[in-house]
Each structure stands twice: as structure tokens, then as C-alpha cells.
1. Of all residues being in a helix (DSSP H, G or I) and over 30 Å from I519 (Cα atoms) in the stretch 416-447, which is most open to solvent (accessible area, probe 1.4 Å)? Just the residue, please.
2. Quick one: A324 ticks every box in (1) under 16 Å from Q172 (Cα atoms); (2) open to solvent by 50 Å² or more (accessible area, probe 1.4 Å) except a single one, so which number is it?
3. List the strands (runs of 3 or more DSSP E) inside the stretch 448-567, counting only whole elements, that have at least 1 residues being modelled with pLDDT of 90 or more.
4. If I filter the stretch 428-447 down to residues being at pLDDT 90 or above and aliphatic (A, V, I, L, M), which single residue comes out as nearest to L400 (Cα to Cα)?
5. Looking only at the stretch 82-105, decide whether some residue is at pLDDT 60 or above and surrounded by 12 or more Cβ atoms within 10 Å (Cβ to Cβ).
6. Hey, among V307, V265, which residue is modelled with pLDDT under 90 and of a type in the set (A, V, I, L, M, F, W, C)?
7. List the residue pairs whose Cβ atoms are under 6 Å apart, where the first residue sits in the stretch 83-111 and is within 26 Å of A231 (Cα to Cα) and in a helix (DSSP H, G or I), the second is open to solvent by less than 80 Å² (accessible area, probe 1.4 Å) and β-branched (V, I, T), and the two are 6 or more positions apart or on different chains.
8. Tally up the residues in the stretch 476-533 that are among the small types (G, A, S) and within 30 Å of V556 (Cα to Cα), please.
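The values are calculated or read from the model by the stated rules, or taken from the named source; none is laboratory data. Please read these numbers as outputs of a predicted model, since none were measured by experiment. Positions of Cβ are generated from backbone atoms using ideal geometry, with glycine treated the same way; all protein chains shown enter the neighbour counts. Protein only, heavy atoms only, side chains kept; ligands, DNA and RNA dropped before computing areas. Shrake-Rupley method; radii C 1.70, N 1.55, O 1.52, S 1.80 Å.
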Amino acid sequence: MSLVRSFTSFQTITWRRFLSVPLNQLHSLPRTSIIPTTTTIPPAHKRFNYNLPVTPNDQLPAPPEEPEGSRRRRDDRDEPFRWGPTLFKMFEAAATTFASVAILGAVGYGYTIYYKRLVLSKIEHAFEPGDPVLDLAAVAKHGKDLTETDHWVLREEQEMIDAIVAGRVKGQYHLLVGEKGTGKSSMLIDAMAKIDGEGCAMLEAHADPEIFRIRLGKALDFEFHEDNIGALFSIRGPRDANAILDVERAFNKLEKIMLQRRNRVGRPLIIIIGSTHLLRDDEPGRDLLELLQQRAEAWAAGNLATVIFNSDDYWVYERLKQYATRMNIIPILDLSKPRAVQALRTYRAKYYSEIPDSKVLEQVYDMVGGRLSYLGRVAKSTDMLKTCQDICQTEKTWLLNKCWILGAEMDDDVMDQQKYASAAMVLAKALVDKEKSMSSTYDPVKGHILPQIPLHEARQVMTRADFIQSYDSINVFTIDSHAMVRADSVPMMNAMRDICGQEGFEDHLEATLKRIGDIESLGRTRELTIKDLWEGGRYKVAMRDGKGVERGSFLVETVPREEAGEE
């Protein structure tokens, strides 16, 4: 009964019609054909009688809905496979990939073209009026305009420097050689200020090539492709390299600007490299200097640029001279006596409102000479003579600290340093002796005439050829462009004169040299010990000629001591 009640709760259908419908069309039957009924279930033999007539009320119930995906998969299994949709999907994927790659490549190529033009534009902008060096110099001048500054000393070489920096002198590159403090950099900055730095770039050299590379990039406004973002477009940038190769790349970019400027402006660019002597005299330093000289030669030949090297030491000139064909040497020396005295008088009258006595000014010149750095310190001092004495004492202390000799009591561990110091004192004594033999050491017009010795003779006097370059670097001796060796300045010559004039200096120097010779002789001596001669032992020594034929022999044996205390 429970089964019958449960069954009567469903809607009555006509089983004959249900069985006559194919299985794959059951889902298409209408749902509205289901009607409620309260009739009782017929007997089983009547319910399964397939020949009974179908009445309108005998409708099939709607089967549960089938998911769309499973229906499509069943339909696909029934339909034959077609290549059209597959090929279309493949073509669509390929077209999408090709479009993506093409857009990425086009953007990367466009960025590369833009970046190259940006680099050239920045380098060209670096040679427009105005320069960071002039800005720094203006700050040093307390904010004054350098083009309107009244210089208290105007050197004779200033006119030539102005013509070179202004581009009126072409076809050469120049080397300014002079001692420290003679005014080389000041003349270059003044010449740049007169044209407002248009077409000029100035940088200071450094011993480290990497720092030189950075300074060159700052002067040319070139980043060495470090700001390139081509990696975002899978474009490989310049390969990593050392500093010298980066300098070469910078010069390659700079040449393009030079060619454009020569056709447009008609005058060369000016590249000023100051403190060239700071480059190390080793393999990387010489390679960098050679690269700079090669570019300077090529640019001078094509009137593209004028390179100006500024050096305090002689070795730069000695190195550049090997391959120089268009190099011009400009020696920068101390001021003559009339110009130095007039410069002091003008400065004191302008800034201190006083007219110093001529004797005082002559005393100042006698003590410090015509070196601009010294004259500037003296001119700004309230007590000029005392400042001169301080300068001379400073130079003497510097010489003693670097090159003083220790005498016969020195230890053998300091022999290398004493070789260096004794060679300097030997050369200083040679200059002092040369001064005593000179007919004149002072000229009323030129001023001081310092004793000087040719470079090869100076090396012969010292018996060393490698020390003179180091002496030039520490500003004890100097070598001019004519390869003449002399004291670095008038105060240094005064210091050498005072030291060599001390009582007992020659004996002290001779004792030091003798001690150095003894230490070297001891180092060359070899001791041979033979133990078998004791207690009656003997050695037979055979003498042979050059052909190996024995020419004789002798015996070596010990002789017993006659007395215990005998040596």
C-alpha cells in the first residue's frame, strides 16, 4: 500500500508513448503535458499493454535538464572532425604572437633611435655657453662675473691662450708645462670666461682611470649608456668593459658632434685636460695618455678639436714627444722681477690702500721669486716679510722631511730610502756648487738666475736615472721643456743653499755614501765554511787550464796553534 501511495503521488503518463520516443529526443518533449491526476493505477497487465490507445492526457514527463557542455560533447562525438576551426585557432594564435613581437620590436627600435639622438643632443648641449668650471670659479671669486674681474697679474702668455681657447689657432694641440703655482689653470679659466665657455669642455685628470672616465662623462654630459633602458625591450646594451674602452666610446660620440659643428660653426671644439701629470706612469696610465694623444693628433689634423694638456711634470712631455707631430709646447715660467714687483705694488694699493716701499718689494722677490702662488699669499698678508720667511721655512722643512740623510750610523733596513735621499742631496750639492761657479746669479731685469744642469748630467751626478722623475713629482727639483734640471722654486733653492752650507754637511754626506757602499758590499759578500780541515783533515786542490789539463795541485791543511791565546 505504501508503494502504491508513493506511486500515486507522481503524474500519470502514457507508457506506450514514452517507449515509442527515441532516447536522444526525450529532452525535446514539452513540459506542459504533465497534468495532475487522482485516478488509481491500473493493473499491471493493463499498464504494460502497449496496444492501448494513447489519450491526450497520457504525456511524458520532462527529463532533467542536461548540462550544455556534456550535450555539446555528445553532439561532437556524433559529428565528423573538421580541420577548419583548428586551423583558424592556430592562425589566430600565431597572428597574436606575431603582432606582440612586432610591436615590441618596433617600440624597442624606436627607443634605440631616440636614445642615440638624445645622447648626441646632450653632448652638443655640453658645449653651449656656460660651463660648470666657470660656475665653480665664480663661486671662488665671491660671486663675481669672471668676464669683468680685474686681474692683478696679467701674464704675457694670456693673449696666446685666449687665441687658442677662442678657436682662432687651429691645426695643433698644446701642452702647457710649468711648475706648480705658475698660473696655468687660471689662464685657461680666464680664457674660457671671455667666451662664456662656448665650445669648451674642461676636466681634471686623475690617477684612477675609472674616475677619469666619470669626469670625462660629466664634462661631455655623456652617461656611457648607463641610463639606457633597452633591456626592457630585450635589446642588449653595450657590453661591459674597462674605463679606457668607455673613454673611446665617448670620443666616438663626440666626433659626430665635431663634424656637425665644423660644418655649422667653422671653428674647432676645445678640450682642456688639466693635471695630466696625475696619471700614473704605469701601463694603464700610459695607455690612457696614448689614447688621448692619438685623438688629439687626429682632431688637430681635421680641425675638429683642439686639445690642451696641462702638466706640472716633465714625464708627460717626455711621453708625448715620442709620437708628437702637431704638438705645441707652451712653457709657463715664473714672473720676471719687474712684473712681480709691479703686481705686488698694484695689489697692495688696490686692496690695502698703501704704497709699499720698493726695498720691501725687492726683499719679497729675493725671498720667494716670481711664483704666482707665493706672490698671492704674500700680497694678501699683513706682514709680507714674515710670510716670505714662513714660505722659505716650509720649503726647507719639506726638503728635509723627504730627502735628509742619516749618516754613518744608519741601519741597513733603511738603505733603499737613504739611496733616494742621498741622491737628492748629491744633486742639491751639485746645483749649489754650480751656482758658485756662475758668473751671475741675478739679473736686474730677469731677476733670479737659478743654476741648472742638463738632465743627462744630473743622472750621471746621482748615478741613478730613475729618481729624477720622483723628485719632480714631489716638487723638489723641476725639469723644464728643454730638459734642464734646477730647483723647483726660489725658496727651494734657498733651502738647498742653507742645508749644503751647514758646517760638516759634506762629511755627513760622505759618511752616508760610505755606509751605503759598505752595506751593499756586505750584501755582495759570501762566506764559505769548510769543516773537514779540523783534526788533521786536508784538501787537495787541483789547478786546471781552460782546456781541462791539470797544471798542478796543492794541499790545504790546518796548522795547530802554538799558544792558546794566539789568533
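1. Out of the qualifying residues, it is K436.
2. Failed condition: (2).
3. Per the criteria, 452-454, 477-479, 484-487.
4. The qualifying residue nearest to L400 (Cα to Cα) is A428.
5. The answer is yes; a qualifying residue exists.
6. Answer to the check: V265.
7. G108/I235
8. Residues that pass the stated criteria total 2.
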